[in-house]
1. Taking interchain pairs and intrachain pairs at least six residues apart, which have beta carbon atoms under 8 angstrom, with the first residue in region 239-250 and over 15 Å from Leu223 (Cβ atoms) and the second open to solvent by 20 Å² or more (accessible area, probe 1.4 Å) and at pLDDT below 95?
2. Got at least one residue in region 236-247 being open to solvent by less than 20 Å² (accessible area, probe 1.4 Å), over 22 Å from Ala304 (Cα atoms) and of a type in the set (A, V, I, L, M)?
3. For region 258-276: of the residues being assigned to a loop (DSSP other than H, G, I, E, B) and within 16 Å of Ala325 (Cβ to Cβ), which is most open to solvent (accessible area, probe 1.4 Å)?
4. Quick check on my filter: what residues within region 28-40 are buried (at least 16 other Cβ atoms within 10 Å of the Cβ) and either under 24 Å from the mean Cα position of the chain (by Cα) or of a type in the set (Ser, Thr, Tyr) (or both)?
5. Pull up region 135-150, narrow it to residues that are farther than 20 Å from Lys19 by Cα and either out of contact with any Leu (no Cβ under 8 Å at 6 or more places or on another chain) or part of a loop (DSSP other than H, G, I, E, B) (or both), then point me to the one that is least open to solvent (accessible area, probe 1.4 Å).
6. Within region 114-131, which residues are within 14 Å of Gly15 (Cα to Cα) and touching a Pro at 6+ places or on another chain (Cβ under 9 Å)?
7. Among the numbered criteria (1) open to solvent by less than 50 Å² (accessible area, probe 1.4 Å); (2) part of a loop (DSSP other than H, G, I, E, B), which one does Leu55 miss?
8. How about region 17-32: which of its residues are touching a residue at least 40 places away in the same chain (Cβ under 8 Å) and not in a strand (DSSP E or B)?
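The values are calculated or read from the model by the stated rules, or taken from the named source; none is laboratory data. In this text, all values refer to a predicted model and were calculated from it rather than measured experimentally. Cβ coordinates were reconstructed from backbone atoms using ideal geometry, including for glycine residues, and neighbour counts include every protein chain displayed. Keep in mind that these areas ignore ligands, DNA and RNA; they rest on the heavy atoms of the full protein, side chains included. Shrake-Rupley method; radii C 1.70, N 1.55, O 1.52, S 1.80 Å.
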Amino acid sequence: MNISPDKPFFLFGMGNREKLFYQSGKLTSVASGEVLFSSGYSRETITPEAYSVTLLTPSGEVTILEDETSVRILSRDGERVLSSSPLSLLSFEDHPCRACMRILQHDILINVINGKPVPNFFVYQKPWYRDGAMMAMVLEKTGNLSLIRDWAASLTELYDRNNAGCEESDNLGQLLFILAKAGLSEHPLVEKTIEEAKRRMKSGALTGLSDFEEHPVYQTKWLKLGLEALGCDTSWVKIPDVQDSYAALFWMDGHREEPIEEPYNDYYPYLSWAKAHTCGFTMDKTRLEALSHPVYPISSETNASQAKYELLRPWLPAYADARHAAPHTWHAAEMFLYLADQFGL
């Protein structure tokens, strides 16, 4: 959805670094509200794929930059490190959508906060297992799974209960997948999750709700994927032969659906990217071509029922008014994984 922020902005603080908000010559700590840098300027250049902002100030050129080691400010007075911790950042030099992939990598990493993978750190305070599992796929490809290992190790609940308190059945497979990718095959939740899945089974398929509806194909496929990631037996899991509107969202098992003729979902674009992936990379060519010159932020979600958009008001009031959060990790992950699979990583 083409919703413009009040003014161009950029976020610094990927991974477990302090989250910093840049806009109009000012860099502010999101957590404390402390202004870390502020200056007038005659020229502003935000380069999202380089994770940098360069300003021509009365005192000379100033660059705010983030790389694998830190966030820092470079000026004629030298270097000022603001936040540091190690990251793996891929360059994607040979990828046809290099700039887009660099920004999507950022969209995922910027939403790891205190070790927790969240959909958007402004409007969601808790991780969602579904978004977390999708993020884990990207973190694995970029060499950053260690960022969420402590969070995964600390988990004690089978369900995230983020969707109006519902115990969503797809959470079971997503939880197993997260634990597997974090290298936690001996975690006590593994056995408990399998027991819970068997309790919810009917004829080898999961029962229960996801997004307030029954989606047995989608839920059972997630369970099978999580078990496979752990190296567990899956002979007791049977993908049901029934209609499921969410089946087209699950491309991770290599299954391909027939192309779906439907408009792009501007509110929940991750659904459109997932379906395009499942249907054999059928995303509209015009939309793909636009990724050659991406506009930050790329990923988003609009009008979600559980997001707290009022928390955006101090930072991005236009987004708050539109009930719009960007960047968003499920969308970013679906795009990243689609482009990684279609064109290679």
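1. Ala248/Glu257; Ala248/Ile260
2. Yes; the residues of region 236-247 include at least one that is open to solvent by less than 20 Å² (accessible area, probe 1.4 Å), over 22 Å from Ala304 (Cα atoms) and of a type in the set (A, V, I, L, M).
3. If we take residues in region 258-276 being assigned to a loop (DSSP other than H, G, I, E, B) and within 16 Å of Ala325 (Cβ to Cβ), then Tyr267 is most open to solvent (accessible area, probe 1.4 Å).
4. Answer for region 28-40, where residues must be buried (at least 16 other Cβ atoms within 10 Å of the Cβ) and either under 24 Å from the mean Cα position of the chain (by Cα) or of a type in the set (Ser, Thr, Tyr) (or both): Thr28, Ser29, Val30.
5. Ranking the candidates gives Gly143 first.
6. Lys116, Pro117, Val118, Pro119, Asn120
7. Failed condition: (2).
8. If the condition is that a residue be touching a residue at least 40 places away in the same chain (Cβ under 8 Å) and not in a strand (DSSP E or B), then Arg17, Glu18, Lys19, Val30 are the ones that fit.
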